[in-house]
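The values are calculated or read from the model by the stated rules, or taken from the named source; none is laboratory data. The structure displayed is predicted, hence computed values, not measured ones. Cβ coordinates were reconstructed from backbone atoms using ideal geometry, including for glycine residues, and neighbour counts include every protein chain displayed.
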Amino acid sequence: MSKLANVILRGRESDRISAVHPWVFQRSIGKVAGTPEDGGLVQVKDHKNRFIGIGFYNSKSRIRVRLVSRTRREIDRKFFEERIAEAIQVRKRYLPDCHSFRVVNSESDFLSGLIVDKYEDNLVIQITSLAMEQNLDHIVAVLDEQLQPSAIFERSDVAARKFEGLEESSRILKGEIPESLQMDLNGLKFAVDLRGGHKTGAYLDQQMNYQSVADAIGRYDQPKVLDCFTFQGGFALHAARVEGSSITAIDQSDEAVKRARTNAQNNRLHNCEFVGANAFDWLKKKSGKNDAPKNQFDCIILDPPSFTRSRSTIGDALRGYKEIHVRALKLLKTGGLLASFCCSHHVDRDLFESVILDSAHDTRRTLRRIATYSQSPDHPVIPAIPETEYLKGFAFEAI
């Protein structure tokens, strides 16, 4: 291994990096010994000059170094073979029957800046770091060898790339991308738009929660279910398989509502009503003082998009979360089920639960917590890397 430039950390930053976290910010660096190239490897050492690991350097990025190994080694095709094989093994262990899942989840698979999603036999790659861009040939070759997909598509069309000095990219890397694709989630078919859908085509992180919430709903007799922020009907369609259930699902996106209806039709589920509306406005209207008991629900699901992308707007986000919970609790029958989710990293589990409990206090409801939820295991959580945990959820019974 050739001699590498050394990045020496400030004293107070060494513990965080030594405890697995892969990001070295500019403010964390005391000095740089040598002249590292952007995208090149450097050694990271603590303030006492003790070796911590090696990582990729980028002077254009706020994250100056992304650690990739805690030992000195070549970062070559063999390295990617090992890391990707380890990631695939985790999915086989915890999601053995799934055909669509996240293959590589960036930091939580120790490949910072790389996301790979599998939709049936198609792969979608998203790259947000310079080093992964420079190693794309290795990554594609390894994925092709280990998973043998019919097509590989790059969807690196995210604004985050500009912070690495990269332009957005969208291109076919192998095969042909199907115009229409259906993925299987828990025995239900969902349409996926690999070229223009959200993220890499769809959301995969709720895969296990869809079924878990549906199982809880199945304990009710002919449940009347409200699914707010339904998007393409993930929770709604799973709930619709409960015998005797009737589902009202809401989303403000006309395109999402259209696709959710199509998904329901393709699965021959005819007990779903999809409504194009702003969930805040709809809940406010339905929870007004003059509403009759017929507007109440046995089960309510709240799965909104992230209300905050930064710490500076946490206050606004909490007010938004409280409003939808207050409105929802006014519509929930005694003994009913509330399943609620938050996908913002900046709102942690305790803070999110406190908002729900405050909402219960304001509406004079008592809640019994019956379940907690996290992201599916194809989105692994590394506790020492807090950024890897973003999705949290709870199920409460109103008593």
Can you confirm whether segment 314-332 contains a residue that is surrounded by 17 or more Cβ atoms within 10 Å (Cβ to Cβ) and in a loop (DSSP other than H, G, I, E, B)?
-> no
Please name all residue pairs, on different chains or six or more residues apart, with Cβ atoms under 6 Å, provided the first residue is in segment 158-178 and is more than 17 Å from L114 (Cβ to Cβ) and the second residue is of a type in the set (S, T, Y).
-> G175/S150
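Which ones in segment 15-31 are assigned to a helix (DSSP H, G or I) and either among the aliphatic types (A, V, I, L, M) or within 11 Å of R62 (Cα to Cα) (or both)?
The initial filter retains those residues of segment 15-31 that are assigned to a helix (DSSP H, G or I), namely 15-18, 26-28.
Within segment 15-31, I17, Q26, R27, S28 qualify.
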Which members of segment 305-315 meet the condition of being out of contact with any helix residue (DSSP H, G or I) (no Cβ under 7 Å at 6 or more places or on another chain) and within 17 Å of A279 (Cα to Cα)?
-> P305, S306
Can you pull out the strands (runs of 3 or more DSSP E) entirely within segment 77-187 that have at least 3 residues that are more than 24 Å from N266 (Cβ to Cβ)?
-> 101-105, 114-119, 122-127, 151-156, 169-174
Regarding R73, is this residue touching a strand residue (DSSP E or B) at 6+ places or on another chain (Cβ under 9 Å) and farther than 17 Å from N135 by Cα?
-> no
Pairs returned, first residue in segment 298-311 that is under 16 Å from F280 (Cα atoms), second residue that is β-branched (V, I, T), beta-carbon separation under 6 angstrom, 6 or more apart or interchain, are L302/I324
When I54 is evaluated against the numbered criteria (1) modelled with pLDDT of 95 or more; (2) crowded, with 16+ Cβ neighbours inside 10 Å; (3) part of a loop (DSSP other than H, G, I, E, B), which criterion, by number, is the only one it fails?
-> (3)
Among (1) without any contact (Cβ under 8 Å) to a residue 60 or more places away in the chain; (2) at positive phi, the one test that G335 misses | (1)
Subset of segment 209-223 (residues that are touching a strand residue (DSSP E or B) at 6+ places or on another chain (Cβ under 8 Å) and either closer than 22 Å to V158 by Cβ or outside any loop (DSSP other than H, G, I, E, B) (or both)) | N209, Y210, S212, V213, A216, I217
Mind listing just one residue for me: the one in segment 9-51 that is polar (S, T, N, Q) and surrounded by fewer than 18 Cβ atoms within 10 Å (Cβ to Cβ) and, of those, nearest to D76 (Cα to Cα)?
-> T35
